[in-house]
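Notes follow once the structure below has been shown.
Read the figures in this text as sums done on the coordinates, not as results from a lab. As the structure is a computational prediction, the values presented were derived from the model and not from experiment. Because the Cβ atoms are built from the backbone with ideal geometry, glycine has one as well, and the counts that use them run over all protein chains shown.
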Amino acid sequence: MKDTKMQPTKLIVILRCNDIERLAIARSILDNAEIFSTIRNEYMATILPIGEEMAAELLVEEKDIERATKLLKNFL
């Protein structure tokens, strides 16, 4: 019988800032390239933008880090 359990995926932060619009544009660029991404702390960065401690973070899967970084090179 084949093991159908999903393996955990390691997510890496590639961008951290309080500018939610900037993160949304970066995520859209990655989505168009079919690279999975997610934003962590999105609401806290909007409600309480107090710097790096509560900044929103754009994360991608570890396997896509190189491709994502190249795509966002000019944007970052």
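Quick check on the exposure proxy: order Lys10, Lys63 from fewest to most C-beta atoms within 10 angstrom.
Fewest-to-most ranking of Lys10, Lys63: Lys10, Lys63.
Can you tell me the length gained on complete extension of the stretch Asp31 to Phe75, counting 0.36 nm per residue apart and subtracting the Cα distance?
14.4 nm
Taking the Cα of Thr9, stepping 7 Å toward and past its beta carbon, and measuring to each backbone N in region 27-49: which are under 11 Å?
Zone members listed by number: 35-38.
With a sphere of radius 15 Å drawn around the Cβ of Phe75, what net charge do the other residues whose Cβ falls strictly inside it have (Lys, Arg +1; Asp, Glu -1)?
+3
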